[in-house]
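To keep things clear, I will list the structure first and then write my remarks on it.
The values are calculated or read from the model by the stated rules, or taken from the named source; none is laboratory data. Everything numeric in this text was worked out from a predicted model, so none of it was measured. Note: areas computed on protein heavy atoms with side chains; ligands, DNA, RNA excluded. Shrake-Rupley method; radii C 1.70, N 1.55, O 1.52, S 1.80 Å.
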Amino acid sequence: MPDAADSLGAPDAGGFRGAAPGSADAPVASNTASPDLALALSFDTVAAQYAAARPSYPPELFDAVQELAGLSLSDARVLDIGAGTGIATRLLRDRGARVVAVEPGPGMGAELRRALPDVPLVRAVGDALPFTDASADLVTYAQSWHWTDPARSVPEALRVLRPGGALAVWWNVPDPDAEWTVAQETRLQEALPGYHRHGVATDAPALITALGLPATPVFRRLHWSRRVPIDLHLKHLSSRSYFAVLGPERSAPILAAERAHLLARFPDGIVDDAYALELTVLRHRTP
């Protein structure tokens with residue numbers, strides 16, 4: 001588990017200045033405006049599964065982030081908010097960025113610490129970032145911005161960004177152009193209470209624009225796929241928050257029914273997992 005070296009005030013904290021101390025064992029920053037925090041923290045119960053089964057991101061994503069943000073990731077000071085088990089954190093670091101991971105869940109943070117022991121880690125939420133003004137070049141949210149209140153998280157991102165920096169939010173979502181993924185999403189919506197089809201991914205530009213900021217967000221959609229065994233695909237599904245809050249016993253019949261549908265569609269047992277990668281970037285300009 002992390003120790004004092006995870007404090008953002010530590011010398012190896014990625015170049016960020018004057019931040020409040022924090023670690024994966026420290027209390028999470030307050031987020032009373034986000035009623036879905038308990039649902040977000042449900043990932044802690046499936047943290048190892050999340051790390052093993054969740055899809056990664058193609059290189060084209062980070063090329064697009066650099067292009068739309070107007071900056072290079074090499075040596076950039078990056079805050080990866082809602083970092084989870086560190087899937088995006090690792091890729092940002094591998095591009096040469098100086099990354100600090102920000103994750104509220106102790107279970108998810110522990111998985112990140114095991115995978116990336118050299119990356120500074122802070123327990124906090126996007127609505128209340130423990131960083132000084134103008135201390136970051138890029139703020140990222142990979143699969144996590146929808147757990148925040150945009151009216152708080154976007155101003156917080158702009159506060160910690162230097163002028164010329166950028167906020168980038170993105171999601172892997174089931175590709176709406178792939179017939180089988182559309183059918184699966186329909187089945188899940190019928191089987192899971194409150195299930196949604198990742199609407200925030202495409203709504204992000206409008207949600208940000210509605211805040212009346214001096215800059216306009218830019219949206220881009222990328223397409224990519226991975227071929228995985230059915231069991232891994234089902235493990236990925238069951239790592240979603242809707243399954244996590246149901247628990248294994250109530251999830252089992254839904255996953256069993258989904259296995260039967262998938263075997264009918266992919267009799268060789270290998271799923272062509274098709275994704276649309278929805279990316280929104282907001283460049284920070286001085287008013």
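Accessible area per residue, 1.4 Å probe, Å², for the range 158-275: what's the number? Show your work: numbers first, answer last.
On the way: 5620 Å² over 118 residues.
I get 48 Å² per residue for this part.
Classify the range 205-268: rounded, prolate or oblate, from the alpha-carbon gyration tensor (a ≥ b ≥ c, eigenvalue square roots; a/c under 1.5 rounded; otherwise prolate if a/b is larger than b/c)?
Values: a/c = 4.17, a/b = 1.92, b/c = 2.17.
Here the range 205-268 falls in the oblate category.
Within the accessible area of the range 181-239, what % is carbon and sulfur when the probe is 1.4 Å and the other protein chains stay in place?
On the way: 1690 of 3000 Å².
Using a 1.4 Å probe with all protein chains present, the range 181-239 comes out at 56 percent carbon and sulfur.
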